[in-house]
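Undergrad: This structure is in structure tokens; I'll ask about it shortly.
No value in this document is a laboratory result; all are computed from the given coordinates. Since we're looking at a predicted model, the values are computed, not measured. Neighbour counts run over all protein chains shown; Cβ positions are idealised from the backbone, glycine included.
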């Protein structure tokens, strides 16, 4: 049950211009089981008993064996997504100078535009519910594109007047800016992230990244852990 | 040498609409010395020997005693500042729902405007050097204010059309948005932050916060540690 | 509802020669509430609503506000206790050279002797259940004291032959050796420790320290948090 | 320059009954370089420029790219070694129930005996220097073996009287007990460990583990990083 090699380097599209790519990985379900196994001989006791032990571990919160597995992703996401992601301090983040906005200028195709205009929820002050009308949506799309173009033109104008890149970016609609980062995290802390960000209460722009990580990578790489996660961490909430 | 009580609650203005306030603190120079002292009796051996021991500790990188002191600040800063700050994963961040932009709408006085328009450095791709001409600056000021007003009007318009707050904020010049957070950090990790962010290479918008923390709080609260920091961590770079 | 000042410096005896002392503390129940409060004005909304918010936070695992409170203890405990304690990597540990066993020799009153000889549980391979007979206990007490004396004599003999302290300690019954350390931890991670170590499955020699921390310090310092902890973290297990 | 596959699973003997084995690894020198590279295209710019960039990173303390590489070792070492190792809180430790001393009894071949009896240093209170005479050493060897046998007999006797394993171990010379753990750490934090533990001031019983890690694994797996480490972290001390 080694890491499926076809997962390494696999890229999944997310949002209009974003993506997630698994750069590297260390460990699998069996590595978790063996880290916890009494006999410690490192060999399988047969899939049935191995899986049962893994379920036992997660159910009874013997979580440290799950820290033995590491994921390393390359992620392109808008700042509105990263702004929530970075609160998870157990990830290691590696930003890229090229896209810091200080080193090289942003490009005009670096902006995120939503596919649907979600409406403000009435009952939950910090959530969305449904979408605005098609008519409204079309008008908002046009307004947004025009605003992005205008903001970007002002940004370029400031650069041409000699303003430092780090300052000219004040003109930009920064929540929409795409950044590419490398993030590294162990399986336990990734599950904490997923538990929070797969939830319906999570903002759509981060939920789709959580979903892509879970469905396109985590579930294939750690099938038993995924099953245990769904039973003991997702539903328990 | 207890924590100077006049520091607790003290607020210092930073940038045009920001500030830093020391909410609470635990420990002082003597707490660091005692954490390291062999006799461990917790009492001073006289200022001279105490100070000498503290200097010895920092010089020889016996850094764990410096983790015994904690600072808790309330900080209001624009996103361009936080965007760099959050990379320091050893801080504990506590954001405030009220200002998440998801819970309540932003106000039109929540935007940062620079006092000077720094020019792009020629030699260092990611730095600024000097400022643009007074004439240029005046024009840029006007452009920025107009752009902020226009962006904010679009944001309000989107809200009125029923768009969720979490999505309407795509119209905002987000780097300029002020957020108020609580940050907690121990003295050792605060020194790592200061070492990096007091540097001339740090962007102005975070350097002024680092400077305020250092000059208005750190130096008064931990005078010996500050002296040792300047000798062994600042100059050594 | 500030930190009860009589708690700072209070010392509680644990086991035959150990103790816990609260050296310092930062924050209280209200600091947790205010860290999370939307209005963020930092003032109480009345005890009833404050307490209700705090309960809501813990129940729904909005745990970061609980990281805002810090405890700093001085603890004297035998190695058998520390050996389990140090697995909790979220504590900051500050050992004391004086007692490292490398710097100064151990004393002959540095050994832990149990008050009761717990018997091996039959059903749970790694637990104890009940005690051995009074007759057996008396004999074991004598054997242990004699063994400690003999081991210590060999240790002193090795030192006198010029053996390095760091090596001579191989002769010592090290699990019984008392060490005094400073530990610092935030309230959230302290609750994770307590959840695990207050449990009946925890070894007695660490459970009594957890209990002392909880009953003699935590409950007085953070009465609402303690109530919420019992409801949502202890019983949920 | 991928991870040399012959390193995975390789085991190196350390001390009389201990060893280190590389269980798994993620990343190599090039992964570090690419994490930092501006172009971020993930491909080599030729060994010369790649290596130069890596050296630049470590010299100027741009250390986060070094966190992208992970090592996972299985280590068998006596408690006297672990007792120092566990202070490095950036390692992830995975103990093994089988050897906790609570789950199964210790065996009589689980004890460490030194090959040489190092003498106490006169100038440095916490170090050793030279060895005792051959005559003394022979006598100490005999004393130690006899003491181990006697201690172990008392331990077995306590177990036979029904004492819980977790308590009977008070009779054991615990510093000598071998434990097998899995430790996981990133390359940056491993270098901090090595910097401290390769030093002549480190106790022999941990220095030999640091040396084995460095010479048998680290240097082969990350040759450029090792070279930079020697230049900027080892000698700088």
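Undergrad: Mean projection of the alpha-carbon convex hull of chain C over all orientations, in nm²? Write down the numbers at each step before the final one.
TA: Values: hull surface 60.0 nm².
Directional mean of the projected Cα hull area for chain C stands at 15.0 nm².
Undergrad: Also, quick follow-up: Roughly how tilted is helix C:187-197, in degrees to the nearest 10 and between 0 and 90, from the longest Cα axis of chain C?
TA: For C:187-197 against chain C, the angle is about 50 degrees.
Undergrad: Compute the distance in nm between two label points, each set 7 Å from the Cα along the Cα-to-Cβ direction, one at residue D:211 and one at residue B:232.
TA: Going from the residue D:211 label point to the residue B:232 one covers 2.8 nm.
Undergrad: Expressed as a whole number of Å, what is the distance separating the alpha-carbon centroids of region D:1-37 and region B:122-144?
TA: Their Cα centres are 49 Å away from one another.
Undergrad: Please work out which residue of chain C brings its Cβ closest to the axis of the rotation superposing C onto B, and round that distance to whole Å.
TA: Value returned for chain C: C:26, 2.
Undergrad: Over chain A, what is the relative contact order in whole percent, taking alpha-carbon pairs under 8 Å and six or more residues apart?
TA: Values: 319 pairs, mean separation 69.6, N = 237.
Averaging sequence separation for qualifying contacts and normalising by length gives 29 percent for chain A.
Undergrad: Next question, about the same structure. Between copies, how far apart are the residue A:55 label points? List them in nm, one decimal, shortest first, with each point 7 Å from Cα toward Cβ, please?
TA: 3.5, 5.6, 6.5
Undergrad: Also, quick follow-up: Across peptide B:57-63, what mean number of C-beta atoms from other chains lies inside 10 Å of a residue's C-beta? Walk me through the numbers before you get to the answer.
TA: On the way: counts 0, 0, 0, 1, 4, 1, 0.
Rounded to a whole number, the mean comes out at 1.
Undergrad: Per-residue mean of other chain beta-carbon atoms within 10 angstrom of the beta-carbon, peptide A:110-116? Let's see the in-between values first.
TA: Numbers: counts 0, 1, 1, 1, 4, 0, 1.
Per residue, the number of nearby Cβ atoms from other chains is 1 on average.
Undergrad: A follow-up question, please. Taking neighbour counts of Cβ atoms within 10 Å as a proxy for exposure, in what order, fewest first, do C:225, D:123, B:131 appear?
TA: On the way: C:225 27, D:123 6, B:131 18.
So the ranking, lowest neighbour count to highest, is D:123, B:131, C:225.
Undergrad: Determine the shielding of peptide C:130-140 by partner chains: average, over its residues, the number of Cβ atoms on other chains within 10 angstrom of each Cβ. Mind dumping the intermediate values first?
TA: Numbers: counts 2, 4, 6, 2, 0, 0, 4, 2, 0, 2, 9.
Taking all residues of C:130-140 together, the mean is 3.
Undergrad: From the Cα gyration tensor of region D:111-237, with a ≥ b ≥ c the square roots of its eigenvalues, which class applies: rounded if a/c is under 1.5, or else prolate if a/b is larger than b/c, or else oblate? Please list the in-between numbers first.
TA: Details: a/c = 3.06, a/b = 1.62, b/c = 1.89.
Cα axes put region D:111-237 in the oblate bin.
Undergrad: Ranked from highest to lowest mean number of other Cβ atoms within 10 Å per residue, what is the order of the peptides A:158-169, C:163-174? Could the numbers behind the result be given before it?
TA: Numbers: A:158-169: 21.7, C:163-174: 25.3.
Most protected by this proxy first, the peptides run C:163-174, A:158-169.
Undergrad: If you average the alpha carbon positions of region A:188-211 and of region D:169-189, how far apart do those two centres end up, in angstrom?
TA: 36 Å
Undergrad: First check a/c for region D:76-162, with a ≥ b ≥ c the square roots of the eigenvalues of its C-alpha gyration tensor; if it is under 1.5, answer rounded, and if not, answer prolate when a/b is larger than b/c or oblate otherwise. Please list the in-between numbers first.
TA: On the way: a/c = 3.00, a/b = 1.23, b/c = 2.45.
Cα axes put region D:76-162 in the oblate bin.
Undergrad: Please say if region B:113-176 is rounded, prolate or oblate, where rounded means a/c under 1.5 for a ≥ b ≥ c the square roots of the C-alpha gyration tensor eigenvalues, and otherwise the choice is prolate for a/b larger than b/c and oblate otherwise? Mind showing how you got there, number by number?
TA: Numbers: a/c = 5.14, a/b = 2.14, b/c = 2.40.
Because a/c hits 1.5 or more and a/b fails to exceed b/c, region B:113-176 counts as oblate.
Undergrad: Report the calculated FRET efficiency for residue B:6 and residue D:195 (r = Cβ-Cβ distance, R0 = 45 Å), to the nearest 0.05.
TA: Working: r = 41 Å, r/R0 = 0.90.
Calculated transfer efficiency: 0.65.
Undergrad: Quick one: if the Förster radius is 25 Å, what FRET efficiency do residue B:146 and residue A:156 give, using the C-beta to C-beta distance and rounding to 0.05?
TA: On the way: r = 16 Å, r/R0 = 0.66.
After rounding to 0.05, the efficiency reads 0.95.
Undergrad: Given a Förster radius of 51 Å and the C-beta distance between residue A:16 and residue C:219 as r, what FRET efficiency does 1/(1 + (r/R0)^6) yield to the nearest 0.05?
TA: Once the sixth-power term is evaluated, E becomes 0.45.
Undergrad: Please arrange A:109, A:16, D:28 by counting, for each residue, the other beta carbons lying within 10 Å of its beta carbon, fewest first.
TA: Values: A:109 9, A:16 12, D:28 22.
Arranged by neighbour count, lowest to highest, A:109, A:16, D:28 become A:109, A:16, D:28.
Undergrad: For each of D:233, B:25, count neighbouring Cβ atoms within 10 Å of the residue's Cβ, then give the residues from fewest to most. Don't jump to the answer; show the numbers that get you there.
TA: Working: D:233 17, B:25 22.
Fewest to most other Cβ atoms nearby, the residues stand as D:233, B:25.
Undergrad: If I model a spin label at residue A:49 and residue A:116 as a point 7 Å from the Cα along the Cα→Cβ vector, what separation in nanometres do I get?
TA: Simple spin-label model gives 4.9 nm for this pair.
Undergrad: Please report, for residue D:215, the nm distances (one decimal) from its label point, 7 Å out from Cα along the beta-carbon direction, to the equivalent points in the remaining copies, shortest first.
TA: Counterpart label points of residue D:215 in the remaining copies fall at 5.3, 5.4, 5.4 nm.
Undergrad: Can you give the angle from 0 to 90° between the axis of helix A:134-160 and the longest principal axis of chain A, with both taken from C-alpha atoms, to the nearest 10?
TA: 80 degrees
Undergrad: Could you give, in nm with one decimal, how far residue C:162 is from each other copy of that position, shortest first, with labels 7 Å out from Cα toward Cβ?
TA: For residue C:162, the other copies' label points sit at 5.1, 7.6, 9.2 nm, shortest first.
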